[in-house]
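Written below as structure tokens is the structure these notes are about.
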Amino acid sequence: MSIDSKLTQKTLKTLEKLAGTKLTLGKLLLAIRQADEMTQVAFAEKLDISKQHLCDIEHDRKSVSPQLAASYAEKLGYSQEQFIRLCLQDMVDRGGLDVIVEVTKKRGSRKAKRGMKLAYGQ
């Protein structure tokens, strides 16, 4: 694990402690929406999804694909890697696997591709 990964994990644990719950993509979207003082309707329109679908994502009743997570990050002006990581972590957690997902951009490619590492038992 790199220093950046350790800092990311430390920051994540701090955010989870402050929130009192595990940070998921849904919880992150909820926090961004509330910080921007947007209604679910307005935020859903920005993401090009229905209000009900946004509500289901915010309350962790529905998950999204990594492609949609990247799209949401781009539309909101946030890190695609972080949104993708949270999306994949949600999938891993729902599968009952004891792993931590880390996402980094692949180097040496014209098109920004993503690489994924799984760290077991951390």
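The values are calculated or read from the model by the stated rules, or taken from the named source; none is laboratory data. Note that this is a predicted model, so its numbers are computed, not measured. So basically every Cβ, Gly included, is an ideal-geometry build from the backbone, and we count neighbours across all protein chains shown.
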Hey, Ile100 at pLDDT below 95 and surrounded by 13 or more Cβ atoms within 10 Å (Cβ to Cβ) or not
yes
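Residues checked against (1) touching a residue at least 24 places away in the same chain (Cβ under 8 Å); (2) touching a Cys at 6+ places or on another chain (Cβ under 8 Å); (3) exposed (fewer than 13 other Cβ atoms within 10 Å of the Cβ):
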residue	(1), (2), (3)
Thr21	no, no, yes
Leu25	yes, yes, no
Leu28	yes, no, no
Ala31	no, no, no
Asp36	no, no, yes
Give, as residue ranges, the helices (runs of 4 or more DSSP H) completely inside the range 17-74 that count at least 3 residues that are of a type in the set (A, V, I, L, M, F, W, C) and at pLDDT below 95.
25-35
Filter result (more than 15 Å from Leu23 (Cα to Cα), surrounded by 19 or more Cβ atoms within 10 Å (Cβ to Cβ) and out of contact with any strand residue (DSSP E or B) (no Cβ under 9 Å at 6 or more places or on another chain)) within the range 65-97
Tyr72, Ala73
Look at the range 20-79 and say how many of its residues are over 15 Å from Asp90 (Cβ atoms) and in contact with a His (Cβ under 8 Å, 6 or more places away or on another chain).
1
Only one of (1) at pLDDT below 95; (2) within 13 Å of the chain's Cα centre (by Cα); (3) aliphatic (A, V, I, L, M) fails for Leu118. Which number is that?
(2)
Failed criterion for Phe83 (all others in (1) part of a helix (DSSP H, G or I); (2) farther than 16 Å from Leu15 by Cβ hold):
(2)
